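What follows is a single structure, written as structure tokens, with notes after it.
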Amino acid sequence: MSEDRPDPDALLARVQREEARRVRGRLKVFFGASAGVGKTYAMLSAAHEKRDEGVDVVIGIVETHRRADTEALLAGLEMLPARQVEYKGATLREFDLDAALARKPALIIVDELAHTNAQGSRHPKRWNDVEELLDAGIDVFTAVNVQHLESLKDAVAGITQVRIWETVPDTVFDSADEVELVDLPPDELIARLREGKVYMAAQAERAIQNFFRKGNLIALREMALRRTAERVEEQMRDYREHQGITEVWQAGERLLVCIGPGEMAAPLVRAGRRLANALHAEWIVAYVETPGLQRLPPEERDRVMEELRTAEQLGARTVTLSAPQMSTAILDYAHEQNITRIVLGKPRRSGWRRWLFGSVVDTLVREAGDIGMHLIGAASTPDAVRNNPMLARSRAYLGLQQHSADKKRWMGYVAGAVATAAASFVGWISGPTHELVNVVMIYLLGVMLVAMRFGRGPSIFTAALSVAVFDFAFIPPAFTFAVSDTRYVVTFAVMFLVGIVISNLTASLRTQARIAGYREKRAAALYEFSRVLAASHAESEVVEAAVKHIGDEFQGQCVLLFADAQGRVEYPKAPSQTGSLHGADLAVAQWVHDNGHPAGQGTDTLAGAEAVYLPLKGAEQTLAVLAILPINLRRLFLPEQQRLLETFLSQTGIALERIRLSASAQQAQIKVETESLRNSLLAGISHDLRTPLAAIIGAASTLDGDDARLDVDSRRELARNIHDEAQRMARLANNILDMARLDSGAVTLNREWYPLEEIVGGVLSRLQPRLEGRPVSISLPRDLPLLHLDAVLIEQLFVNLIENALKYTPTDSAIAVSASRDATEVTVTLADRGPGIPPGSEEALFDKFYRAKPEQTQSGVGLGLTICRAIVTAHGGRIWAENRAEGGAQFHFTLPIEPEPDMPPVDEMPPAGAEAP
Amino acid sequence: MTTSRPVVVVIEDEAPIRQVIRTGLASHGYEVHEADNGKLGLVEAATRKPDLVILDLGLPDMDGVEVVKQLRTWTSLPIIILSARTMEMDKIAALDAGADDYLTKPFSMGELLARLRVSLRHVARVSEDAGSVFELDGSGRKMRVDLAHRRVLLDNTEVHLTPIEYRLLAVLVKNAGKVVTHRQLLKYVWGPGHVDRPHYLRIYMGCLRAKLEADPARPRFLHTEIGVGYRLAAE
């Protein structure tokens, strides 16, 4: 074996990939440069071939565009009826995913991978449908044009001046098992167009004028060929890796694409993908959220999130960094992640502003060291929507309730006016004694206070107002806005500028403090949550904690839905807690449970549902589905909130799995124990029941068949035999019943106050016939207190111990019952003069089905002492056995001394006989 | 006591047990009538003019305690209860409702016959009203209780008892051989307000045993029926 064998982890990953592929259906993509190259035709021809091979082929949906030769190919293939969807008065034909899943063919033809589904469908895009088909293990043939690939859409738009709206993530294309390029030279395509084979004649001419210009077609064809070649190269690499072929690779490249909120984000992501692909590099898309960007209006922030999601679909890892300075955040992250290249947009600031304020790009270039830089210029796209950032920015985004924020801002302006008035008043009353400089200071103090309390807008307003009032009230000529000395203009300018700087500084401080506050709150919430989870011992506790904490943190109602034994998601059976969500859509939850992907509002699947449904994944399967109806949906999809929610979910999942694992381990343990118990019980009982039964049946049948041949003594002997054996069986049955009752916890102690003497007396009289000829000594001290006990059970305890002694000791040996007390308990001892306990088995004696001498037929099932232990334990005492120094065994048990009950009134009267009747 | 054969009604749903009882009792000179459920049993008890009823507590159609209560509405004839071992509470309830004695299954024929004899003799004594002097031999000790003169003699030596001790002994003497439940004893000796203080009873029973028994841990006269009550030995 060579030294440079493949990395085992990589091999494992490939094996897993192949494993997954085996279960998953295979995807074959018929790839073309543009419409009309004959993808559908090629696809249908391939389908016919498959059918002839005996494969179960079904057409899911096919767009023939009325092309005759293509339509001819439909004949002989099974076709699923299309779903008819009413949309804005028109009836649309849509692919019926559920019918396809129900039909479950081996291979299904689904044309137009980039198609957008009609509203109300389960998935927004057809490629989502295809993914689900593949997940269900169905092979899929599909077709797509190069301009529909997400990463190429800008390039295509640049060439053709046509904006492509329907796109397919490159990951879908790349994960296809097979890609077949359907190629047609541009001249032939144009010829086909003219012949009306692609579009109807009238449409065709317009198409040739616009999209199907020869130049466009050549460019598109090049792109399609190149993309296919890229795939082939990747396959080649994969193959080499598979075959263990190694070569010197350049050090792994890692790309960091930094995007901002502008319209540059989309081209940056796509450029990043292309670059990453060319370099075979891992790529990360980062968004740095500075305090300034945090104030962006929600729509713009959403756009960034959208772009991050697109990047994920293109195969990138995404990250949102939160820092006051963009350049430091990027550099820190790049060093931390060993980034080799950074992709950025060209700086927007230019000229003097760039010189004055610097730009992120300049800082990065200066400080990046050995990290390569790629600057991407903004390509003006034909219909790029520009909205007015100034207008949007004027509405500061505070993240939470917009309404209360508005109110607070309004208050801020009032406060600004009040602060200015107060400063003016102070300035005015001290006017004669102070320099005007001090009055300016008082105004600036007001500006700062407003900035601290109400933020930027009100404080700038205060600064402006202060300048105006200062001018009006203090600058001669007084009570006019006129200025007598031009030096004061400088004062005004500096005063205003200082006010604005103060506002900005204070405002960004406030923002950072708020961010820090949010973070701390999140950390605290997570800490609290994990603490509660760690302390939970039951699934219900975990669920309760999860619903409460997730509900609190995301300010919404939520509920955890579990599947029953058949895998059907159902509503929780436990009474709902406050804040739990009612009326979750079980169908959506079921889909999430089965597929393990999020669904519901704001997601790609079943977006019509009111709530958001997220899978709670365990190590192996989806454990539950979280349905959450947040007050503020946008807030739930903010990246940091998403991460927080993910953490909550994974914590919940881990806690649930921990509890389930320990429960199932416990169950397994109990099962094993029960199994072995049942076996020994059966063995013991069958032996102990059969022996006396055999004797009884034998004796009884002898008596029955006796025709006065037996003498009286023999008959009595047989009858006594039957009696004794029956007694034995009765004792056995009692023991088994007692054990069962004590085990099942069905016994509640019926405690009353008893003197021990009375119990011992009762036991001895009950056992009298069997104690005949045994010397039994009893020594109970006079000072024993009344004991609070269940007399019937304690009697049974004595009976079992004495019977045990009778069973194991010689018939004439002595038995001694004694007791002693200390401050807290009474210890009762039963000693015999038998052979003693086998050393080492002092503890095992009390186990179920333990027998001192298993081979000895006379012994019982071995429940007697187990029952004793159960009884003593139920009374709060202990029981143990030991051998006596002078020979024999002794059993001790303790009973706790409890505060004695009230005593009967003293009754010392003259002797009864002295009284008259 | 009449010379005719004593009549016993057996109310028991298990046929084998009925058969054993019938065989056993018939061979000892009893006339036995059987009923396999409570309703039929009540009819039998009303029509057969029995001297004694043997009643199983676990009947298919009605609660055995209910049968005792219905019988007690019109007759004081002795009732002996048969019960399974796990039916402690039912047994006590039946005794408190007026049953005279009980036997726990499985029981031997000897025990059943002994209980029958005690109950029938008790009836005879009450009817003859000749029970003012009670004498008992217990392994060498002789106890004599003179109810008329409130005197207790042990081997001809007077024993001094407190009033409560004496009342306790007197109740047991009047029911000699039969089990008296804790509740009944508390009611007779201390009054109906004290039935929830069974430990009073146990303390006085201890004193009584210390005065009367040679070895209180192995009583010869005052037997404990654990969980149920006390019984004064009768023979």
- Query: Any chance the stretch A:717-727 includes a residue that's open to solvent by 80 Å² or more (accessible area, probe 1.4 Å), under 22 Å from B:Ala233 (Cβ atoms) and acidic (Asp, Glu)?
  - Reply: no
- Item | Unmet criterion (only one of (1) over 29 Å from A:Leu797 (Cα atoms); (2) out of contact with any strand residue (DSSP E or B) (no Cβ under 8 Å at 6 or more places or on another chain); (3) within 9 Å of another protein chain (Cβ to nearest Cβ); (4) basic (Lys, Arg)) for B:Arg151 | (2)
- In the stretch A:882-896, the residues that are at pLDDT below 90 and over 19 Å from A:Gly864 (Cβ atoms): A:Arg884, A:Ala885, A:Glu886, A:Gly887
- Item | Options A:Ala516, A:Ala473: the member that is within 30 Å of A:Thr290 (Cβ to Cβ) and of a type in the set (Gly, Ala, Ser) | A:Ala516
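In the list A:Arg531, A:Arg510, A:Arg568, which residue meets the criterion of being in contact with a helix residue (DSSP H, G or I) (Cβ under 8 Å, 6 or more places away or on another chain), of a type in the set (D, E, K, R), open to solvent by 70 Å² or more (accessible area, probe 1.4 Å) and more than 30 Å from A:Leu293 (Cβ to Cβ)?
A:Arg568
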- Can you tell me which residue in the stretch A:635-664 is surrounded by the most Cβ atoms within 10 Å (Cβ to Cβ), limited to those that are of a type in the set (S, T, N, Q) and under 18 Å from A:Glu289 (Cβ atoms)? A:Gln641
- Query: Given the conditions (1) touching a residue at least 24 places away in the same chain (Cβ under 8 Å); (2) more than 29 Å from A:Ala323 (Cα to Cα), which single one is not true for A:Pro458?
  - Reply: (2)
- When B:Asp36 is evaluated against the numbered criteria (1) free of Cβ contacts under 8 Å to residues at least 60 places away in the same chain; (2) over 18 Å from B:Lys105 (Cβ atoms); (3) among the acidic types (Asp, Glu), which criterion, by number, is the only one it fails? (2)
- Item | Answer residue from the stretch A:708-739, given it is touching a residue at least 12 places away in the same chain (Cβ under 8 Å) and within 11 Å of another protein chain (Cβ to nearest Cβ) and is nearest to A:Gly698 (Cα to Cα) among those | A:Ala719
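Does at least one position in the stretch B:65-83 carry a residue that is among the aliphatic types (A, V, I, L, M), open to solvent by 30 Å² or more (accessible area, probe 1.4 Å) and free of Cβ contacts under 8 Å to residues at least 40 places away in the same chain?
No; the residues of the stretch B:65-83 include none that is among the aliphatic types (A, V, I, L, M), open to solvent by 30 Å² or more (accessible area, probe 1.4 Å) and free of Cβ contacts under 8 Å to residues at least 40 places away in the same chain.
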- Which one is farthest from A:Arg751 (Cα to Cα), of the residues in the stretch B:180-235 that are among the hydrophobic types (A, V, I, L, M, F, W, C) and in contact with a His (Cβ under 9 Å, 6 or more places away or on another chain)? B:Ala234
- Message: I'm trying to understand the selection: among the residues of the stretch B:197-215, which are more than 10 Å from chain A (Cβ to nearest Cβ) and open to solvent by 50 Å² or more (accessible area, probe 1.4 Å)?
- Response: B:Lys211, B:Ala214
- Quick check: anything in the stretch A:546-565 under 49 Å from the mean Cα position of the chain (by Cα), free of Cβ contacts under 8 Å to residues at least 12 places away in the same chain and not in a helix (DSSP H, G or I)? yes
- Note on the structure: If you go through B:Arg231, B:Arg218, the only one that is within 21 Å of the chain's Cα centre (by Cα), within 12 Å of chain A (Cβ to nearest Cβ), charged (D, E, K, R) and crowded, with 19+ Cβ neighbours inside 10 Å is B:Arg231
- Task: Return the residue satisfying two criteria in turn: it lies in the stretch A:45-82 and is in contact with a Ser or Thr (Cβ under 8 Å, 6 or more places away or on another chain) and closer than 20 Å to A:Trp127 by Cβ, and of such residues it is least open to solvent (accessible area, probe 1.4 Å).
- Result: A:Val62
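Of A:Ser765, A:Ser777, which residue is over 60 Å from the mean Cα position of the chain (by Cα), polar (S, T, N, Q), at the interface with chain B (Cβ under 8 Å from one of its Cβ atoms) and open to solvent by 40 Å² or more (accessible area, probe 1.4 Å)? Step through it out loud before you land on a result.
Details: A:Ser777 fails: at the interface with chain B (Cβ under 8 Å from one of its Cβ atoms).
The conditions single out A:Ser765.
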- Message: I need the full set of residues from the stretch A:781-792 which are more than 8 Å from chain B (Cβ to nearest Cβ) and either touching an Asp or Glu at 6+ places or on another chain (Cβ under 7 Å) or open to solvent by less than 20 Å² (accessible area, probe 1.4 Å) (or both), in order please.
- Response: A:Pro785, A:Leu787, A:His788, A:Leu789, A:Asp790
- Which condition number in (1) at the interface with chain B (Cβ under 10 Å from one of its Cβ atoms); (2) within 30 Å of B:Gly138 (Cα to Cα); (3) over 57 Å from the mean Cα position of the chain (by Cα) is the one that A:Trp753 fails? (3)
- Message: Yes or no: the stretch B:127-141 includes at least one residue that is open to solvent by less than 70 Å² (accessible area, probe 1.4 Å), within 13 Å of chain A (Cβ to nearest Cβ) and among the β-branched types (Val, Ile, Thr).
- Response: no
- Message: Here is a check on your reading of the model: is A:Gly698 part of a helix (DSSP H, G or I) and away from every other protein chain (no Cβ under 14 Å)?
- Response: yes
- Condition broken by B:Leu185, with the remaining ones in (1) touching a residue at least 24 places away in the same chain (Cβ under 8 Å); (2) more than 14 Å from the chain's Cα centre (by Cα) satisfied: (2)
- Note on the structure: Within the stretch A:478-507, residues open to solvent by 70 Å² or more (accessible area, probe 1.4 Å) and either acidic (Asp, Glu) or not in a helix (DSSP H, G or I) (or both) come out as A:Phe479, A:Phe481, A:Ser484, A:Thr486
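The values are calculated or read from the model by the stated rules, or taken from the named source; none is laboratory data. Everything numeric in this text was worked out from a predicted model, so none of it was measured. Every residue, glycine among them, receives a Cβ derived from its backbone with ideal geometry; neighbour counts consider all protein chains shown. Each accessible area value is taken on the protein alone, full model and side chains, heavy atoms only, with ligands, DNA and RNA left out. Shrake-Rupley method; radii C 1.70, N 1.55, O 1.52, S 1.80 Å.
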